[in-house]
Amino acid sequence: MSKSIVSVVKYEKPLESVRKVVELTKLFDDLPKEVKIFIKPNIVYWSSGPHPKWGVITTSRVMEDVVTLLKEKGIDDITIGEGFGSNEAAQDAFKKLGYNDLKERFGVKLINTGDRPHEKIDMGCEFLVNFASDALKADYIISLPVLKTHSQAVVSLGMKNLKGFINIASRKKFHSADPIKTLHFNVAKLPNNIPPVLTLIDGIYTLERGPSMDGKAHRTNLLIASKDILSADIVGAKALGIEPSDVPHLVQAAKDRDRSTSLSDIEIVGEKIEAVASHHDWEFIYNEAGDLPLPFYRRQFKGLKYKRYDTTMCTYCSAINGLLLVLLKNAWNGETFGGIEFLTGKIMEPSSGMNKTILVGQCQYNKNKDHPNIKELVPIRGCPPSMEDIKDAFEICGIKVNPLMFQGGGTDMGGVIFLQKYKGKSEFEESFYKLK
Ligand code: SF4
């Protein structure tokens, strides 16, 4: 079997660096002028307020350079799309990330796949997956993930980026409670039965404990590309200092292809991977009992259990989970929380001996509402969980929260808080997320 080529290039200059990583792996060489292209950035999170984008969202720099290279080849039918939660968010993102400018200059189409038709396809999961029709109609998908870790999937690279193409109902099924057909199993199936995917991983900024703004970004200046998605992801994991054999969805994808997760059938061109790799932590660390985040444990939070998240918690509950942790961190005043426990996802069970048990999300509510270990049930119902129920839950538990924290569904203030850690660090440039 011939080896797949993966190019690894240091980001140095606009256009030139992307051109280099593309040319080294001949990424666009097979594309005729008439080809229909769908470009998928990673915009995992968007809010109209300020929030850190470094390592979270694909840079507009790389997006513009990719579109420019395609136009140089005479390709006109280019669509950029992502699955946003609302059209309002999509329009705001397209405007602020400079994509509207690409539309004006190059005639690219911009779409929110979240608001467009999906088709049921067999990807090899236990269920048919609702995948964005616009992407399925393309001749090629160009996937532009960020070089980042993921607190559930370990890494979020080429394969994981394709999850943005599936609709909410399928996303929920992906975070399955089945012990074998897990999130990892399902993510490994994402490249199946869709148009060929060309992957260019944007590592200008990388992220520890991703995928979102509560992670820690680094300026890494790296670009990785391949026509083979698994090879791109194996090298991407290596660049993050993570062994691909420790990434369950890469192990599954390699098994499905009768390959290994080693570099033995990959030829790396450009930089040597050992020279550019740097260790990135991927998980949020908890205490030994697994019932309190380590920072809370170290600060000796009392009367609180907050069990370690698992892979059954899907995107909406993950965002709420992040918000709840920020609220608790800010509410802690050195006094006991009074014996309360938070439970998330689809499989956690209540501990005995707690005074109040907060069930986060409809899955938790349905599973445990009648559980005998619960003394007083405090529900945060809904899917996605309701903001009103969150406010009520904190009130019932006597936890005082600054009302500003709930603005914009809790994300506005979160964005401002998470921006603080980058203050005064000149390597974190907002200009990578703007054009002109
Ligand atoms: S309640 Fe949460 S975990 Fe359950 S399906 Fe909805 S988002 Fe997923």
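Tell me, what is a quarter of the convex hull surface for the C-alpha atoms of the range 294-421, in nm² with one decimal? Its average projected convex-hull area is 7.5 nm². Listed from fewest to most Cβ neighbours within 10 Å, the set Glu16, Glu288 follows the order Glu288, Glu16. With neighbour counts taken as other beta-carbon atoms within 10 Å, the residues Asp246, Asp202 rank, fewest first, as Asp246, Asp202. Applying both filters, DSSP loop and at most 15 other Cβ atoms within 10 Å, to the trypsin sites (Lys or Arg not before Pro) of the range 256-302 gives Arg257, Lys272, Arg299, Lys302. Excluding same-chain neighbours fewer than eight residues apart, the aspartates and glutamates reachable from Lys13 by a Cα-Cα span under 20 Å are Glu23, Glu64, Asp65, Glu72, Asp202, Glu271, Glu427, Glu429, Glu430. Summed over all non-identical Cα pairs, the Kirkwood treatment of the range 82-222 gives a radius of 16.2 Å. Under a 10 Å cutoff between Cα atoms, tell me which one of His218, His249, His175 has the largest fluctuation in the Gaussian network model of the chain. Top of the fluctuation ranking is His218.
Under the shape rule built on the C-alpha gyration tensor, where the axes satisfy a ≥ b ≥ c, the range 153-247 is prolate, since a/c reaches at least 1.5 and a/b is greater than b/c.
For the chain, the orientation-averaged shadow of the C-alpha convex hull comes to 20.3 nm² (one quarter of the hull surface). Ellipticity at 222 nm from helices only: DSSP H runs of n ≥ 4 in the chain, each -39500 (n - 2.57), divided by the residue count, give -8500 deg cm²/dmol.
Rule-based calculations on the coordinates, nothing more; no lab input. All values reported here derive from a predicted model rather than from experimental measurement. Backbone-built Cβ (ideal geometry, glycine too); neighbour counts: all protein chains shown.
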